[in-house]
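Single-structure report; data block below.
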Amino acid sequence: MASSNPAAAAPAVFGTQCCTIPPAKPLAEYVNAGVFIELEVAGGERPPVRCYSVGAGSSDKAVVVYYDIFGFHKNTEQTCDMIASQGYWVIIPDIF
């Protein structure tokens, strides 16, 4: 019996990124590519926000990353470095 879902018959199409982006490094070997900065909060009533920034700040493509419940850690920084290697400016505000 043929499926009534046309998408079920379509072949899977994958991008080439899976073949060109290297795997993540073990945390013991990892050295982050970005820098830690502090952003002033408008009005100056709150302390500056610590952020991890990586990639070209002049890029016309940017990603703001929020981390999971486990917090700001090397795995998140490494993920941002991988995104930045594709031409993005990436920033993670340390919101906690």
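The values are calculated or read from the model by the stated rules, or taken from the named source; none is laboratory data. Worth saying up front: this structure is predicted, and the values here are computed from it rather than measured. Using ideal geometry, Cβ is built from the backbone for each residue, glycine included, and neighbour counts are taken over all protein chains shown. Heads up: the accessible areas ignore ligands, DNA and RNA and are worked out on the full protein's heavy atoms, side chains in. Shrake-Rupley method; radii C 1.70, N 1.55, O 1.52, S 1.80 Å.
The simple spin-label model puts a point 7 Å past each Cα toward its Cβ; for residue 63 and residue 41 those points are separated by 2.7 nm.
Note on residue 54: accessible area approximately 10 square angstrom, rounded to 10, probe 1.4 Å, nucleic acids and ligands left out. Rounded to the nearest 10 square angstrom, residue 38 shows an accessible area of 120 square angstrom against a 1.4 Å probe.
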